[in-house]
Structure formats: structure tokens, C-alpha cells
Amino acid sequence: MGSLAEERALGYGGLVSDLREVYESGRTKDLEWRQSQLRGLLRLLREKEEEIFDVLCEDLGKHRGESFRDEVGSLAKSVEDKLQNFKKWAAPEKASSLLRLIDSDCSQPVYLAATPLVAFPATAFVMPEPLGVVLIFSCWNLPIGLTLEPLSGALAAGNAVVVKPSELAPSTAAFLAANLPKYLDSKAVKVVEGGPDVGEKLMEHRWDKVLFTGSSRVGRLIMTKAAKHLTPVALELGSKCPCIVDWLDSNRDSQVAVNRIIAAKWGTCAGQACIAIDYVLVEEEFAPILIELFKSTLKRFFTKPEFMARILNKKHFQRLNDLLDDPKVASTVVHGGYFNAKTLSIEPTILLNPPLDSDIMTEEIFGPLLPIITVKKIEDSIKFLKSRPKPLAIYGFTRNEKLKRRIIEETSSGSVTFNDAIVQYGMDSIPFGGVGASGFGQYHGKYSFEMFSHKKAVLKRSFLIEFMFRYPPWDDSKIGLLRHAFRYDYISLFLALLGLRR
Amino acid sequence: LTATAMAAAVAEQLRESFATGRTRPAAWREAQLRGLLRMATEMEAEICDALREDLAKPVTESYVHEISLVKSSCKFALKNLKKWMKPKKVPAGVLTFPSTARIAAEPLGVVLVISAWNYPFLLSMDPVVGAIAAGNAVVLKPSEVAPATSSLLAELLPRFVDSSCIKVVEGGVSETSELLEQKWDKIFYTGNGKVGRVVLSLAAKHLTPVALELGGKCPVVVDSNVDLHVAAKRIAAGKWGCNNGQACVSPDFIITTKSLAPKLLETLEKVLQKFYGYDPLQSPDLSRIVNSNHFKRLRSLMDEEKVKDKIVFGGQSDEMQLKITPTLLMDVPLDSAIMKEEIFGPLLPIITVDKIHESFALINSMTKPLAAYLFTKDSKLKYQFENGISAGATIINDTSIHLTNPHLPFGGVGESGMGAYHGTFSFDAFSHKKAILARFFIGEVKARYPPYTPAKLSIVKGVLKGNLASMIQAILGFPRGGA
């Protein structure tokens, strides 16, 4: 292939075929290679930490406290987890060879092989293999995390990878383009910078998997293009993540809840995150108490403007501004509402019961505006959620076990977190991903490995034992034997076989 | 009612039924699975009749490959359902201490299953079993190319299962297209790559996740030093014993060495004569070709100029009966149509190479198949095959049999499809695995919140690095004083 600039003009065909060649050579499958890549990522995060803080501050005005917590620190931990476990994940797994079946005809349980007798004996196992050459589209709000977490999974699984960071976070994109080739195998891992046109060109090609994080609109385009090549995709899309706040008796509990909600809204990229709390549902009697607590805590937390990220760009700033255009919405603002177009910052803003059909309540907010919707009884919030698209996360602050159970059983979302928010993102033991309108495909931890793997079924037989009733020509006696075999009725089968030659 | 209106009505009804929650309790799911089990048992004769009408399928194949596999699926699901439905506890880790974490399966909602014509009973019921076990409402669209089975299913299902939540919609291309225009929570399609692409692009409009069970050219590599007689029988069982080669996992073509080819050919011929007699057109144990389109397609594969003189066995056909006999071809050119598309019929080309290892390059030059088979006693070759050939599945010393094992995921990769099912994988295919994290109000970590200070950052760093001292400080609410 030519230089990346040439490749762009030529549609990236050279890039893709080069990567295919590298993959076919077997280089990325090698366990040592995978280990070296994961180690390279860890070194990158350690050695370039300051630079990462700088670019995140440039692109989003993120404070280093937030950047470390949400991107660098949790990422390093998760790459470490992959380093420790990828060999185990990559090893073939025996498909259980014994199956205990209680046949409705038998009074006794019968132990037998999982494959019916015609395939006995056989060893069966599942062997993970890399999918091949994969493409990762990242998003602008967590530009390091949303690129490197899936990248670490794809590498742990043995793939060759192309990463396309979002052009809306240009400093980070440039940082990745400059540094990934230094710390990783630049023949097998490529960074392609650019905007939607580059994304389109890349999608003209066949990939073995594509992960896209972003809006539903672009998600549809990606999936439609992928369909032409039967490219499997995973989509991490946006949604309105609701937070149900139950009546909390103790002041301490209320304060803790407010702390955590604030962190999950304004402390996470100023609310510009797919798992940020979008709006709150609370009983009407509790709402005033909550609002007062928000006001006082916000004042204590955000003593300096630098502690909250800014809005990405003018376009999003305008979009958020427009949400308050409608006088019916603007009149419901109970706190904040100051927009600074010069610095692209919006102060933490709370609204009480804006109209449910307004844009702010129908579109994903992705910003520092928090609507509070009141209900008569907190249980009504469940019905409220059921009639709306499935979000990436549902949050609930409550001590009521029955309410928790109802939330789990009667709503659907990518995940449910009680009494905290956002923290589920940093965990390696649970899958992260959406359902319904919030997308499909899961990753993080072992799931990142699996997202970029094919679980190949492997069956091995010997020539030794043959059951003649498997083969034509068919007659009643053979059919009878087969029935015994498929009913796992081995005693009858054995007796019948005694009378027959092989 | 127009096709559009009908499709919309079906989707609407199922959405309403699902919203009532009736498909969620284990009792409902078990009742449906038992209903399907009874259907497969009580209606065995009718099912065999329909399969004979659609495909001239021998009763043994109908029983062994379709009915008994459906029954096993039902039994396996019944046995494991409660276990699958139970949330799984997972370690929550120190970072969110104290907390509990678990993963719970929930139904996706209302799903669409589009079946195929070659195993019209199995490929309709097997995914439906998974969808029901996972608690979904489901629409089944059986293949119109197997009309007797399609109408049998439309008639039987309402008698044996809850038709408010499990529906059959019959029809052809236009009815299927109308169904695909609706919004589903998952689409499960079995068929070919061309239609698979259409399904995927229509699903994209609604961001619907899709499973595609497609085909490919399943190669069989035959090494020397094997028990040729057993190998030949197993190849024949997987080829002509599976719907006369019209199966997604049928051996498509053989690769063997030039030195072994004559003996292999001779053994295959002997086995074929033993299985199907000297006039296979008369054998009741061979399925016919499904329709005249496919018959003509297969004939043209055989009649291609550079191929027709490579036929070394068989090659007879009867257009009236839509029958084609087991046919072996030797060393057809690799650029012939028979070597470029999935054969899906009783023609078996044998390609010879000098050394058996050359077979790998040939297989890897084609798109990834649903299954790849190797007959060998050489453990090094087995290892190289398993590690060097990517396919939905790789089988050593047999063909097709892997789909009877409910512990193995059955599905393709690349052109042969995406997603897998059978056993637990069927349940998973129609479920959303929801992560549930429960934290408590104790253990407030002040270091998380602004105003951010270097002291707070150093605690957070320590916690994320697994430093015990930092974690203790964090839980105890350090740094003290201030906000």
C-alpha cells in the first residue's frame, strides 16, 4: 500500500489487502505476539499518561482527575486483566462429554455421551480463533477508552486491526496515529484518521468484524454497508439512561445518592457519555428535597470551571441550547441555565417536569442538562420506562428489594446498576453493551476477547467403532436400532446388537 | 388483507402478547416445549409424509435427521431451562467494593425465524425451540419451496402450542419481504448468502441483530493410511445420506493425493453400490432434488463443457422424478462452475494434489465453509488442520455428525454465516444477557468527586492499580477535610 494519504485517495484497498496478508501469515495468532501487543498498550498508557491528559483536555476540556478515572486508569486495569487471562480464553474448551438425561420413559437417570450413540466415541471441544481483520470505529467522548478497550480485546483474540478514531476529537486522533505505531506492531495495527467520508470508504471493504460506537443514524449506515459483504457488526449506540430515585429516608443515603448522580452526569464528560444519567425519575414529594441537595452539592463540587468538561463543539453547544428554546421547557429550569458560547461551557442545569413530548425528553441529551420527572408513586416509573426504547443502562437508587426486583424483571436495558452509576463500565466481569435501540454486541473483559473471536466447534473421531445401522439401505430392523439409539435406550440397543454382525 | 397489512398485524399481535408477560414464566416455556415434543412424537407419520412429498426423503432420514433431533432439542431445553434462566453470579472485583454482580438472561422480545427447504421440519423447529426457551414470542416463516411441510406446520403448531405467542406465516418472497420490513428484536435466517445479505440490510433499518446460518463448500481432505472403507462410508453418509447432498454441512468436494485417488474412488463406488444398489434411480433411500430449478442447476453443473468428461461414476438423472444419482467426478478444473459455487446436490468432485498439505492452500483460497472435514491418522496433520483451517466447525474422521452434539455451537463464520445455535447456544441466541450491579450506600469514596486535587488523584490511581493501601484510604473517605 502507499502512504495513508494515498490510500485515502485510492479507497484503502491496499491497506485492507496488506492487513489480510499479514493476518494470513499467522503472525497475529501467535500467543507471544498477542502478549507483546498487550504489554505495548500498557507501556503506552504508562509512558504517555501526561500527553493523554493533555489531548483529552484539548479536545474536551477534561480534567486529569476525570481522564485518569474514566480512561487511562480503568483501561490500564482492563488491559492488565487481559494480559493475565488471554491464554486461558484462547485455549480450547472441552464440550462436556457426559450428559445426565432423565428420559420420561425411564425411572432411572441414565449417564451417556452427549452425542447420540451413532457418533460414539468422540471428543468434542470448542476452539476460539480470531475472526481475522477487524475494524473499530471509536467515538469522540471517551476517545482513548472507546478505542483502546476494544483494540485490546481484538489483539488478545489474535486479529489484525484498523482503528478509526473520531475526527471530532482531533488531538486524540493525532495522538493515536502517532503513538500506536510506536508501541504496537505497525504492520498489523493501523490507525486511519478522517471523517465520515473515510468511514464510508473503509466500509466498502469486507471486514471480519466491525465495532461501531456512536449514533443510531450512523449505526444504520454502517450495518447497511456491512450487509453487502456479510460482515458481522456490533453496535454500541446511545440512549436516554434513566435514573430512578426512590424515597431515601436517611440524609446520609440521600447525600450519597446525589454525590453519585452528580458524578454520573456532570462529572462524566459533562453528561456527554452513552452511560451518563440522562434524566431522573422521582416521587413528587421527594423531588424538592433532591433538588435542594443537588444545588448545594453542585456548589461544593464544581468550585472551578476546569472540574467539568466542556461541550465538544459549536454544533453540539447549539443543539443543547436549542433544547431550551421552547418556552414550555425553559420555564421548567430550576437551577443553572447559563450558556457560555465563548468557552463552550454550560453550567449544571436542572429542569423540573419539562413536557414529555419536548425534544429534551425524546432525544438523548448528551450534555449537562438534567430533567427531573416526577411520578405519584415510584413504582410508576417502571411503566414509564416500559413504553420507551431500551436504554444502555438503567440506574436505581433504592433500598427497596422489591422495587429492585421489579426493575430487573419488568424493564429491559443493556445493564442495571443499583445505588451508583457509570461504575459498571470499568468492570471486567460483566458484559457491556446495549439491547434494542441501544445496540447489540457486548464487550469488556472476556467479552472483548469473544467479540473478536469465532468459537469453532471441533469433533474428533476414531475409525475404531462403527455402527452399521447408521447406513443405508434402510430396513425396519435398522430403523428399530436407530430408535433405540436416539432414545438413549442403550440396554435394548445392546441386546439387539448382540444378535447382529458388524 | 394485503401482505403488508398482514405482516404488520402479526408483528403487532405478537408485541401485545409479549407485553403481557405471558412468555416469561418457566411454566409457560416448558408447556410450549412439551407441546412441541408431543407434536414431533404424535405426528411422526404426518411429518414423514410431508417430507416425502417435498423431498422424497426416506423415512429413516426424516426420523433420524429431523424428528429425533427436534425431540432431543426439546428435551435438552426442558432439562436445562431452569438453569439457563437462573442469573449467574460473577465476581464484582475490588474496584466497586462492596458490591454484587450478576448476569441475567432476558428474552429479546418478538423474534422472526426464517427456515429453509432442505430440512424444513428441523430448521423450522430447532430455532423456534431456542426462541421459546429464551421466553420470546416468535413468528416462523417456513420455506415455500417445501410446501407440504410448510402447510403442515401452519396446521399443527396452533394445535400444540400457544398461538397467541407462536405464529406461522406461510408464503414466498413477497410475504417474507413484508415480514422483513417489520421491526423485530432478532431475526434468525437459514439459507443462502445472497438472501442473507438482503436480510442483513433490511435488519439494518431497524438495527435488528441477526443470526445467519448459511452454506459454503465443505471440503473433505482424505489422507493416506486411513481405514478407507470406514472413511468412504462416513463420507457417503454425510453426502448422499443427508438429503442426497442437499445439506449445508454435506461434503461438497474431496481433496486427496494423486496416489490415493484411484483406491478412494474404487472404495466410494463399492460403498455407493452397497448403499443404493446398481440402479440408484430406483433406490428408495435417496431423496430427490427439491424442484426443477435446482435439478436444472445441477444438470448444468454436470454438463459444463470442461466438466462432463470428468464424470467417473454415476451421472444419471430422471427429470420427471427429479432424481440425480450419486455422481463422482475426477479433477474438474478449479475454475469450473461446480468448483465455484456450493453444489448442494449429489455431485462429488475429487480434486487431487501431489502432497496432502497442498489441500490447505486450496481450502484457504475459498471462503470459509460451515464445516471442514479431514480423514487422517496423522496427529500432526490433525493439529495443522484444526489450527490452519477456519470454518464453522472442523471434524476429524467423520462428516456432518457434529450437529447432533448439543454442547457444540453450530454456526458459520465469514461467508458461511454469523451467530450459532443448538443446546445452550440456542437459548443464548435469543437472549439478552443483562449485567446487574448492586452497590450500597456505605463506602463513599470521596476521592471520586470534584473538586479534583492531586491527593484525590493519587488515591484513585492507587485504587485502579490495585494498591491495597489506596483502597483502604478510598473507602475511609480520604482525603479528609475540604469538600
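Values in this text are rule-based calculations from the coordinates and carry no lab data. Treat the numbers as computed from the prediction; the structure is a model and nothing was measured. Note that we place each Cβ from the backbone using ideal geometry, even for glycine, and neighbour counts take in every protein chain shown.
How many percent of DSSP beta bridges within chain A run antiparallel, rounded to 5?
Rounded to the nearest five, the antiparallel share is 40 percent.
Over the whole of B:390-401, what's the average partner chain Cβ count within 10 Å per residue? Rounded to a whole number, please.
Neighbouring Cβ atoms belonging to other protein chains average 6 per residue here.
For the protein assembly as shown, what is the percent of antiparallel DSSP beta bridges, rounded to the nearest 5?
Antiparallel bridges make up about 35 percent of those DSSP assigns within the protein assembly as shown.
Using only Cα atoms and rounding to the nearest 10 degrees, what angle (0 to 90) does helix B:68-85 make with the longest principal axis of chain B?
Around 10 degrees separate the two axes.
Taking only the C-alpha atoms, wrap a convex hull around the range B:219-411 and report its volume per residue in Å³ as a whole number.
115 Å³
Taking N as the number of residues in chain A, what is its Cα Rg relative to 2.2 N^0.38 Å?
Working it through for chain A, the quotient is 1.18.
Given points 7 Å out from each Cα along the Cα-Cβ axis, report the A:S3 to A:R43 separation in nanometres with one decimal.
Each label point is offset 7 Å from its Cα along the Cβ direction, giving 2.7 nm.
Out of the trypsin sites (Lys or Arg not before Pro) in the range B:326-401, which ones are loop residues according to DSSP with at most 12 other C-beta atoms within 10 Å?
Of the trypsin sites (Lys or Arg not before Pro), the ones in loops of the range B:326-401 whose Cβ has at most 12 other Cβ atoms within 10 Å are B:K355.
Once the Cβ-Cβ distance between B:S300 and B:A154 is put in as r, and R0 is 45 Å, what FRET efficiency do you end up with, to the nearest 0.05?
So the FRET efficiency works out to roughly 0.85.
Within a 10 angstrom radius of the beta carbon, how do A:T28, A:T343, A:T332 rank from fewest other beta carbons to most?
The order, fewest Cβ neighbours first, is A:T343, A:T332, A:T28.
Which percent, nearest 5, of DSSP beta bridges in the range B:118-276 are antiparallel?
If I count the DSSP bridges inside the range B:118-276, around 0 percent turn out antiparallel.
More than 41 Å apart: what percent of Cα pairs in chain B qualify?
That tail contains 31 percent of the Cα-Cα pairs.
Expressed as an acute angle from 0 to 90° and rounded to the nearest 10, what is the orientation of the C-alpha long axis of helix A:49-60 relative to the principal long axis of chain A?
That works out to roughly 60 degrees.
Over the Cα atoms of the protein assembly as shown, Rg to Rh with Kirkwood Rh, two decimal places?
With Rg and the Kirkwood Rh in hand, the quotient comes to 1.00.
What does the convex hull of the Cα atoms of the range A:199-294 come to per residue, in Å³, rounded to a whole number?
It is 116 Å³ per residue.
When the chain is fully extended, how far beyond the present Cα-Cα distance does A:D30 get from A:M468, taking 0.36 nm per residue of separation?
Contour length minus Cα-Cα distance gives 153.4 nm.
What FRET efficiency do you get for B:L362 and B:R480 if R0 is 45 Å and r is their Cβ-Cβ distance, rounded to the nearest 0.05?
Once rounded, the FRET efficiency stands at 0.05.
Using the number of other C-beta atoms within 10 angstrom as an exposure proxy, rank A:D18, B:D285 with the fewest first.
The fewest-first ordering by Cβ neighbours comes to A:D18, B:D285.
Using only atoms on other chains, find how many Cβ atoms lie within 10 Å of each Cβ of peptide B:438-449 and report the average.
That works out to 6 on average.
Over all directions, average the projected area of the Cα convex hull of the range A:175-214 and note it in nm².
3.6 nm²
By the scheme Lys and Arg +1, Asp and Glu -1, what is the net charge of all other residues having a beta-carbon under 11 Å from that of B:E30?
+4
Please turn the phi angles of the range A:304-315 into ³J(HN,Hα) values with the Karplus equation 6.51 cos²θ - 1.76 cosθ + 1.60 (θ = phi - 60°), one per residue in order, whole Hz, x for glycine and proline.
Per residue, the Karplus-derived 3J(HN,Hα) values read 10, x, 5, 7, 10, 5, 9, 6, 3, 7, 4, 4 Hz.
Out of all Cα-Cα pairs in the range A:242-430, roughly what percent, to the nearest whole number, are more than 22 Å apart?
43 percent
Within straight cross-link reach of A:K377, meaning Cα distance under 30 Å, which lysines are found once same-chain residues fewer than 8 apart are removed?
Hits, sequence-local ones excluded: A:K240, A:K265, A:K295, A:K299, A:K328, A:K386, A:K390, A:K402, A:K404, B:K86, B:K433, B:K434.
Highest first, please rank the peptides A:408-417, A:277-286, B:409-418 by the mean number of other Cβ atoms sitting within 10 Å of their residues.
The packing order, highest mean first, is B:409-418, A:408-417, A:277-286.
Calculate, axis by axis, the spread of Cα positions in the range B:1-142 along the three principal axes, and write the results as whole Å, longest axis first.
Cα spread of the range B:1-142 along its principal axes, largest to smallest: 64, 40, 24 Å.
What is the sum of charges, Lys and Arg at +1 and Asp and Glu at -1, for the other residues whose Cβ falls under 12 Å from the Cβ of B:E12?
Spelling it out: positives minus negatives among the neighbours equals +2.
Which three lengths, in whole Å and largest first, does the range B:394-461 cover when its Cα atoms are put on their principal axes?
Projected onto its principal axes, the Cα set of the range B:394-461 covers 65, 24, 21 Å.
Computed FRET efficiency, Cβ-Cβ of B:A31 and B:A469, R0 56 Å: what is it to the nearest 0.05?
Once rounded, the FRET efficiency stands at 0.50.
Counting only C-alpha contacts under 8 Å and six or more residues apart, can you give the relative contact order of chain A as a whole percent?
Rounded, it is 18 percent for chain A.
Under the definition of partner shielding as Cβ atoms of other protein chains within 10 Å of a residue Cβ, what is the mean value for peptide A:294-300?
1
Mind checking the range B:252-351 for chymotrypsin sites (Phe, Trp or Tyr not before Pro) that DSSP puts in a loop (not H, G, I, E or B) and that have at most 15 other Cβ atoms within 10 Å?
B:Y278
Quick one: helix B:193-206 against the long Cα principal axis of chain B, what's the angle to the nearest 10°, folded into 0 to 90?
20 degrees
Tabulate in residue order the Karplus-calculated ³J(HN,Hα) for the range A:247-254, using 6.51 cos²θ - 1.76 cosθ + 1.60 with θ = phi - 60°, rounded to whole Hz; enter x for Gly and Pro.
The phi angles translate into 4, 10, 5, 8, 4, 4, 4, 4 Hz.
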